[in-house]
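Only one structure is covered here, and it is reproduced in the block below.
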Amino acid sequence: MRPADQIAQFVADALKEGRTRAEIAAALQEAGWAQNEVAEALNAWADTAFIPPVPRPRPYVSAREAFLYGLMFLALAMTAWNITTLGFELIELWLHDVTDRYSLYNVSTVRWSISVLVVFFPLFLWMNSRAQSAARADPGKRRSAVRKWFGYITLFLAALALLGDLIAVIYALLSGDLTTRFFAKAALVALTAGLIFLYFRGETAEAEDAS
């Protein structure tokens, strides 16, 4: 039996015998269980006098949701990447520097980014709308472990983009290379990553409240 199953079974049996939560916690900690393990095991059961103990809703994993959220994550990643790429090319066009041999406007890149956005941006909006509608119709779906992982992975990548963008700006400033064109590109990356971070910060907060 796994340790998590052992402590869960012990807590359930102790609650059935009428032991208080303080007594159960003290016994488990005295036996060597960590405080967070004890708290998690006790939180798995509703704090009521009903016998047998009433389990709280727990996160679940669904293969169907793994597929849907995986596809939605791909659509979001492709959308964010190509919005940034398209923005970079437009900045190159509007703020073109004839003295900079690296300042090049690529028409084929613009066409490709627009093509990708035409496919993936509506796909992300549609799938995200479906996920939101399903969660409103069935609040239990907010406990999906896949949904929570999707949100936190997205937050992690958005945070990395923001930190990398900040480092690039500071480096350019210290090197004296902080041109208007560079600043515009950095601002675009910060705006894209920031919007994604703020949106999914709210999503993960809802998932935590539902757990």
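So the values come out like this:
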| read-out | value |
| --- | --- |
| Complete set of residues in segment 40-63 that are in contact (Cβ under 8 Å) with a residue 40 or more places away in the chain and part of a loop (DSSP other than H, G, I, E, B) | P52, P53, P57, R58, P59, V61, S62 |
| Filter pass, I91 being of a type in the set (V, I, T) and either in contact with a Leu (Cβ under 7 Å, 6 or more places away or on another chain) or under 30 Å from S113 (Cβ atoms) (or both) | yes |
| Matching entry among A66, A27 (being out of contact with any helix residue (DSSP H, G or I) (no Cβ under 7 Å at 6 or more places or on another chain), at pLDDT 85 or above and assigned to a helix (DSSP H, G or I)) | A27 |
| Filter result (in contact with a Leu (Cβ under 8 Å, 6 or more places away or on another chain) and more than 27 Å from R142 (Cα to Cα)) within segment 13-50 | R21, I24, A25 |
| Candidate set: segment 166-202, residues that are closer than 21 Å to F73 by Cβ and crowded, with 17+ Cβ neighbours inside 10 Å; chosen: the one farthest from the chain's Cα centre (by Cα) | V189 |
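Results for (1) of a type outside the set (D, E); (2) touching a Cys at 6+ places or on another chain (Cβ under 7 Å); (3) outside the structural domain of Y69 (by TED's automatic domain parsing); (4) within 30 Å of A44 (Cα to Cα), shown as yes or no for each residue.
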residue	(1), (2), (3), (4)
D138	no, no, no, yes
V146	yes, no, no, yes
Y152	yes, no, no, yes
L155	yes, no, no, yes
A159	yes, no, no, no
L162	yes, no, no, no
L166	yes, no, no, no
A172	yes, no, no, no
T179	yes, no, no, no
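The rows are residues; the columns are (1) surrounded by 16 or more Cβ atoms within 10 Å (Cβ to Cβ); (2) in contact (Cβ under 8 Å) with a residue 24 or more places away in the chain; (3) outside the structural domain of K185 (by TED's automatic domain parsing); (4) of a type in the set (A, V, I, L, M).
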| position | (1), (2), (3), (4) |
| --- | --- |
| Q9 | no, no, yes, no |
| K16 | no, yes, yes, no |
| A22 | no, no, yes, yes |
| E30 | no, no, yes, no |
| V38 | yes, yes, yes, yes |
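The values are calculated or read from the model by the stated rules, or taken from the named source; none is laboratory data. Fair warning: this is a prediction, and the values are worked out from it, not measured in the lab. With ideal geometry, Cβ positions are generated from the backbone for all residues, glycine too; neighbour counts draw on all protein chains shown.
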